[in-house]
Amino acid sequence: MKTWKIFLSVGIVAFVIGLAVLITGLALNGWKIGANLEMTTFTSEQDNNTLDLSLAAGELNVEYHDGENFTVDYPEAYLYRYRVTESNGVLKVEPASKRIYISWSGWLWGRNKPVVTVKIPRGKTVNLNIGVAAGIANVAAGEYGNVDIELSAGQLYAGDIKCANFAASLSAGSAQFKGVECNACEFELSAGNASVSALKSDKIDVDLSAGTANLAVAGNKAEYVIKVDKSAGSCNVSDQIVPPGVTAIKYLNIDLSAGTVNVTFSG
């Protein structure tokens, strides 16, 4: 037998042995391969005014429905579980597993990803807190109380959001908002990408350590007092004092350590 055939045979045997050891090791440490996801539905019994939602991986959908109660549809599998509770007006959805669930039957490749769907009674106004460690979050257009978004990674997509106060904090990942209308708005980016196609607010604060913020602001630039504190990076607006005669004064404050801030005005 030729030398290369000997090496090939030895290599194949070593690979098979290594794969067997890997699978055995995962099983001994609580990993389950090829697990099936089973859907569970939670129906609220309280009149909640705040949603506190955390996504570890997979997909999170926030929607409205015609029912009278909040509902949460969520998947369960071995070592992949969510905890749903309600107390003092807060409906909380959070991962109950400390270990990551991997299904080699297709979850990892996006064919069978776990999906959590939270449905709000139509016409109900709630505060919305969303934390995304990884995965994708989709938020329906609607009128909310206060909105607080935190992305460690992953992606978030939202429709037109009307709320009292709005805050988005990104360590990484991307957040895209079709529209945001609020009294006060704050973006804090350590990294990542945040964009708003239509932003309407009397007070806008942007704090970038890195990353990119693209904000399409409704109204005229002349209505805003603009203050830019830039250490490095790129910003397409500069300090501005509202000229005499303009009564509707709004504020845009930008603190830029690095990264890019692009602001456009529809007016």
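The values are calculated or read from the model by the stated rules, or taken from the named source; none is laboratory data. Keep in mind it's a predicted model, so treat the numbers as computed, not measured. Reconstructed Cβ throughout: ideal geometry from the backbone, glycine too, with neighbour counts over all protein chains shown. Ligands, DNA and RNA are stripped out before the accessible areas are found, and what is left, the full protein with its side chains, is counted by its heavy atoms. Shrake-Rupley method; radii C 1.70, N 1.55, O 1.52, S 1.80 Å.
Residues are listed down the side, and each one gets a yes or a no for (1) open to solvent by less than 30 Å² (accessible area, probe 1.4 Å); (2) in contact with a helix residue (DSSP H, G or I) (Cβ under 7 Å, 6 or more places away or on another chain); (3) among the acidic types (Asp, Glu); (4) closer than 21 Å to Ser190 by Cα:
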| position | (1), (2), (3), (4) |
| --- | --- |
| Gly211 | yes, no, no, yes |
| Gly219 | yes, no, no, no |
| Val225 | no, no, no, no |
| Lys230 | no, no, no, yes |
| Ile241 | no, no, no, no |
| Pro244 | no, no, no, no |
| Asn253 | no, no, no, yes |
| Ala258 | no, no, no, yes |
| Thr264 | no, no, no, no |
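State all residues of region 229-267 that are under 28 Å from Asp160 (Cβ atoms), within 30 Å of the chain's Cα centre (by Cα) and of a type in the set (A, V, I, L, M); if no residue qualifies, say none.
Matches in region 229-267: Val237, Leu252, Ile254, Leu256, Val261, Val263.
Cβ-Cβ below 7 Å, separation at least six or inter-chain, first residue in region 193-207 and in contact (Cβ under 8 Å) with a residue 24 or more places away in the chain, second surrounded by fewer than 23 Cβ atoms within 10 Å (Cβ to Cβ) and outside any strand (DSSP E or B): which pairs?
Hits for this filter: Ala198/Ala218.
Give the residue that is most open to solvent (accessible area, probe 1.4 Å), with candidates limited to residues of region 43-68 that are in contact with a Leu (Cβ under 8 Å, 6 or more places away or on another chain) and either closer than 17 Å to Asn88 by Cβ or not β-branched (Val, Ile, Thr) (or both).
Going through the qualifying residues, I end up with Gln46.
Suppose we filter Ser197, Ser201 for residues that are under 30 Å from Ala57 (Cβ atoms), in a strand (DSSP E or B) and among the hydroxyl-bearing types (Ser, Thr, Tyr); which single one remains?
Checking each option against the conditions leaves just Ser197.
Check whether at least one residue in region 244-266 is part of a strand (DSSP E or B), under 21 Å from Tyr157 (Cα atoms), out of contact with any Phe, Trp or Tyr (no Cβ under 9 Å at 6 or more places or on another chain) and among the hydroxyl-bearing types (Ser, Thr, Tyr), and report yes or no.
Within region 244-266, one or more residues are part of a strand (DSSP E or B), under 21 Å from Tyr157 (Cα atoms), out of contact with any Phe, Trp or Tyr (no Cβ under 9 Å at 6 or more places or on another chain) and among the hydroxyl-bearing types (Ser, Thr, Tyr).
For region 190-237, how many residues meet the condition of being more than 26 Å from Glu143 (Cβ to Cβ) and among the hydrophobic types (A, V, I, L, M, F, W, C)?
Final tally of qualifying residues: 10.
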